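Enquirer: Next up is a structure, given as structure tokens.
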Amino acid sequence: MHRLFILIIAVFLSLSTFYRPYAEESVPRQRETLTVGVFPQDYPPLHWHDARKGIIEKLLDKVSSVSHFDFVFSKAPFHRLIMKVEKGKIDLEPWTSEVWRTRVKDNAYFTSPYTEHCEVLIFQKDRSFPVKRPFDLAGKRLGVVKGYAFQSFSKLFAKNVIYRVNSSNEERVLNLLSRGRTDAALIDELIADYLLKTTYSQAFVKSSTFDCVPVSFMFHKSKLRQGVEINKILQTLKKEGFIEQLLKGY
């Protein structure tokens, strides 16, 4: 009986060595630092440059806590950030999509998606109307962020069927809408939800969503090994519900 008990314990211990939820190794590894590209300005709720922590900071903190990776931020404007990742001067962009980065895909590794991004239409509360397809906005002025591409609307913008009105960020897009300078706004739904909760709680209403795409980390191809390791962690966090709860917190 005593031998049977010892045998059961030995089998249990041997099996337990195969379970590593975050692909950790039994021997501690030397910590490795990766540079993360972010915009020079605050971009809530994704990140801030003060003591507050946004979605990106908290997600990277979690990844760091269950791995041997540390992260430092490198600031760069939108187009320069992409170029720096493409050239390997920044290791990764943490909130992007392969759909948006086709031009640089040969020099990049994309993790599997860990969430989804959608663009959402915003109206002033007393001036909304049904929009089921982009053409329903024909003749209207649509506020968007300068430099961003909107696949469902690009041809209509190019032909001036819909008049594109650019602003430097989502909050300024909504400022124009609040002053009647545009008829509607098309912005990131996550950022829209945050701004409508914190800044414009009574002014606007959400409408239809468009151009939903999967969101991933983008690594320079020289960081393929690190990207693959972090991808495993992201997918575990997604499966466990950590990422969903993190997003709901904002």
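Enquirer: Suppose we filter 161, 215 for residues that are over 20 Å from the mean Cα position of the chain (by Cα) and either at negative phi or surrounded by 13 or more Cβ atoms within 10 Å (Cβ to Cβ) (or both); which single one remains?
Expert: Criteria check complete, one pass: 161.
Enquirer: Quick one: count up the residues across region 61-93 that are under 16 Å from residue 104 (Cβ atoms) and in a helix (DSSP H, G or I).
Expert: 10
Enquirer: Something else: For region 134-150, what are the residues that are at pLDDT below 95 and surrounded by 12 or more Cβ atoms within 10 Å (Cβ to Cβ)? Give the steps one after another, and end with the answer.
Expert: Keep residues of region 134-150 that are at pLDDT below 95, which gives 147-149.
148, the sole residue that qualifies.
Enquirer: Can I ask one more? So in region 179-212, with the set limited to residues that are of a type in the set (D, E, K, R), under 21 Å from residue 248 (Cβ atoms) and touching a strand residue (DSSP E or B) at 6+ places or on another chain (Cβ under 6 Å), which one is surrounded by the fewest Cβ atoms within 10 Å (Cβ to Cβ)? Lay out the reasoning, then the answer.
Expert: From region 179-212, those of a type in the set (D, E, K, R) are 179, 181, 183, 188-189, 193, 197, 206, 211; that's our starting set.
Filter once more, keeping what is under 21 Å from residue 248 (Cβ atoms): 188-189, 193, 197, 206.
Now restrict to residues that are touching a strand residue (DSSP E or B) at 6+ places or on another chain (Cβ under 6 Å): 189, 206.
Numbers: 189: 18, 206: 14.
That would be 206.
Enquirer: Still on this structure, I have one more. Could you please find all residues in region 142-173 being within 27 Å of residue 98 (Cα to Cα), among the aliphatic types (A, V, I, L, M) and in contact (Cβ under 8 Å) with a residue 12 or more places away in the chain?
Expert: Scanning region 142-173 gives 142, 144, 145, 149, 156, 162, 165, 173.
Enquirer: Identify, please: which residue in region 86-107 is within 12 Å of the chain's Cα centre (by Cα) and charged (D, E, K, R) and is, among those, surrounded by the most Cβ atoms within 10 Å (Cβ to Cβ)?
Expert: So the residue we want is 93.
The values are calculated or read from the model by the stated rules, or taken from the named source; none is laboratory data. Small disclaimer: the values here were computed from a predicted structure and weren't measured. All Cβ positions, even for glycine, are placed from backbone atoms using ideal geometry, and neighbour counts span all protein chains on display.
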